[in-house]
Amino acid sequence: MRSYKVLTFGCQMNEHDSEKISGVLAAEGLASARDVEDADLVLVNTCSIREKAEQKFYSELGKLRLLKEKHPSLVIAVSGCIAQQEGDRILKRAPFVDIIFGNQNIKDLPGLLSSLDAKRPEALTEFPEGYEHFILPAERRGSVASFVNIMYGCNNYCSYCVVPYVRGRERSRRPDDIVREVESLVASGVREVTLLGQNVNSYGMGLDNKDGGVCNFPELLRLVDSIDGLLRIRFVTSHPKDLSDSLVEAMATLPKVCENIHLPLQSASDNMLLAMNRRYGFLEYMDKIGRLRAEMSDMALSTDIIVGFPGETEEDYDNTVAALRDIRYDSIFPFKYSRRPNTKALTLSGHIPEDIKAARLDEIIRIQNEITEEKNRARVGRVEEVLVEGQDRSGTPGRLSGRSRGGKVVNFEGDVSLVGTLVDVRITEGKKHSLMGEIVQR
Ligand code: 5AD
Ligand code: SF4
């Protein structure tokens, strides 16, 4: 086996797991293939957050089955949340799959590859003790901006969500391991890190002195902020119930931490929030938004919204629409409620017909698109600090792309030598999903 291709579905956590899977395969001497057709091993890193993601995976598997009929030596591996959730059941539907491993078994991949011919495939999906302390090599795609895990799993059990089942209990990495990882990234040219966790605000719970000392999230931000050569820090995801005043203060005062937060609201109706087991009310959420905006006037905000949760009335839904118009997020990730195995919401009454869910989703997408475009246009004339990440998507020489502190993509003209530096860019045009601008002298 000489080459591999990893296909990734799902969230940033999965994207980063794929970088680790690639790192482990590269350490085994495999080269990255450009396409599935050129690869000896195709690994699908899967997502099960909504039914649609599962359907996409099975249709991808269908394509791989045809490829394997043409190239019988092709090895097909499945990892990620569907592998964790379904285990050996995947083999019933897709007996041509050779390897199945779960979210905490990436380190076992070399062993799975070497025993490939010896036995029938068997899913490896156990949660080993101390996985959070394993340090895995990663083949990172971005050379300027990188992901860093600070914790794994989730304890929140929102009633619609599979994450606690497929990623296990919440565990934090040691602060010194995180700092060392960021330092080594900076030494290799990385200038921005995004700290990853399902609920970064509860970072540090369960750490003790043998883990290098107790540390909460604002303290971790302070440690990372003091790393020389690093220019920016972002983090996802925050849970509104755990967003503390000390985090707001850390964000407002630490120079490298961007004024940008993803704060999932899900619904603006207290009935829905209760049924979702979110453990905050709408007023409490608004109070936190108020605090963030009071400390950082140019705070960029994004959120997740679920429409059509069981029992959602017209009035509940209207509350969410009103909140979108009131809060005016920079962007939102809207979803139709999707039934997930094991979750509490399956047992609730009042499941909403598909056509109503679809209509509600369409409407909030339309409303938010208008708000996003208005907000992008309102930035015309302003000067944004941009971290240059590379050439823009067209790949045209002399066209660069980066992100503002608020996380918006900004495209402009400039020399590639600027990649990895901060430049000031005056915004000349606000588009649907990005901003255009021109460099001004610092
Ligand atoms: N149906 C719809 N959306 C969901 N999410 C999580 N589970 C479900 C589900 N069963 C959304 C939530 C969460 C985001 C990552 O995915 O909005 O914040
Ligand atoms: Fe899922 Fe809730 Fe945990 Fe987020 S906080 S991963 S929505 S259970």
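Report the one residue of LEU220, LEU67, ILE21 whose Cα lies farthest in the direction of the positive end of the charge dipole of the chain (charges on C-beta: Lys and Arg +1, Asp and Glu -1; origin at the Cα centre). Farthest towards the positive pole: LEU67. Cross-link reach is defined here as a Cα-Cα straight distance under 25 Å, omitting same-chain residues fewer than 8 places apart; for LYS256 the lysines meeting it are LYS241, LYS288, LYS375, LYS408. Here ASP304, ASP316 are placed in order of increasing Cβ neighbour count within 10 Å, fewest first, which gives ASP304, ASP316. Counting only DSSP beta bridges with both residues in the chain, tell me the antiparallel percent, nearest 5. Of all bridge pairs located within the chain, approximately 35 percent are antiparallel. The listed peptides 102-109, 367-374, ordered by packing as a protection proxy, come out as 102-109, 367-374 (highest mean of other Cβ atoms within 10 Å first).
Cysteines in the chain that lack a partner Cβ within the 4.7 Å cut-off: CYS11, CYS47, CYS81, CYS154, CYS215, CYS258.
Counted residue by residue at 0.36 nm each, then reduced by the alpha carbon distance between them, the extension gain from ASN155 to ALA252 reaches 32.1 nm.
Among 385-393, 202-210, the peptide with the highest mean count of other Cβ atoms within 10 Å heads the list, and the full ranking is 385-393, 202-210.
By DSSP, what percent of the beta bridges with both residues in segment 100-202 are antiparallel, rounded to the nearest 5?
25 percent
How high is the FRET efficiency from ARG325 to LYS431, r the C-beta distance, R0 25 Å, rounded to 0.05? That gives a FRET efficiency of 0.70.
Packing-based ranking of 407-413, 288-294 yields 407-413, 288-294, ordered from highest to lowest mean Cβ neighbour count within 10 Å. Exposure proxy for GLU219, GLU438: other Cβ atoms within 10 Å of each Cβ, ordered fewest to most, give GLU438, GLU219.
From the cross-link list LYS52/LYS107; LYS56/LYS357; LYS5/LYS68, which pairs have alpha carbons spaced over 22 Å apart? Flagged as over cut-off: LYS52/LYS107. Listing ARG34, ARG340 from fewest to most neighbouring C-beta atoms within 10 Å gives ARG34, ARG340.
Tell me which aspartates and glutamates have Cα within less than 13 Å of LYS432's Cα, excluding those fewer than 8 residues away on the same chain? Within the straight-line cut-off, LYS432 pairs with ASP330, GLU370, GLU373, GLU374.
Beta bridges per DSSP, both residues in segment 346-442: antiparallel share near 90 percent.
Taking the charge dipole of the chain about its Cα centre, with +1 at Lys and Arg Cβ atoms and -1 at Asp and Glu Cβ atoms, the residue from VAL236, THR303, THR347 reaching farthest to the positive side is THR347.
Values quoted throughout were computed directly from the atomic coordinates according to the rules given, and no laboratory measurement underlies them. Here the structure is a predicted model, which means the values were calculated and not measured. Heads up, the Cβs are rebuilt from the backbone with ideal geometry, glycines too, and the neighbour counts pull from every protein chain shown.
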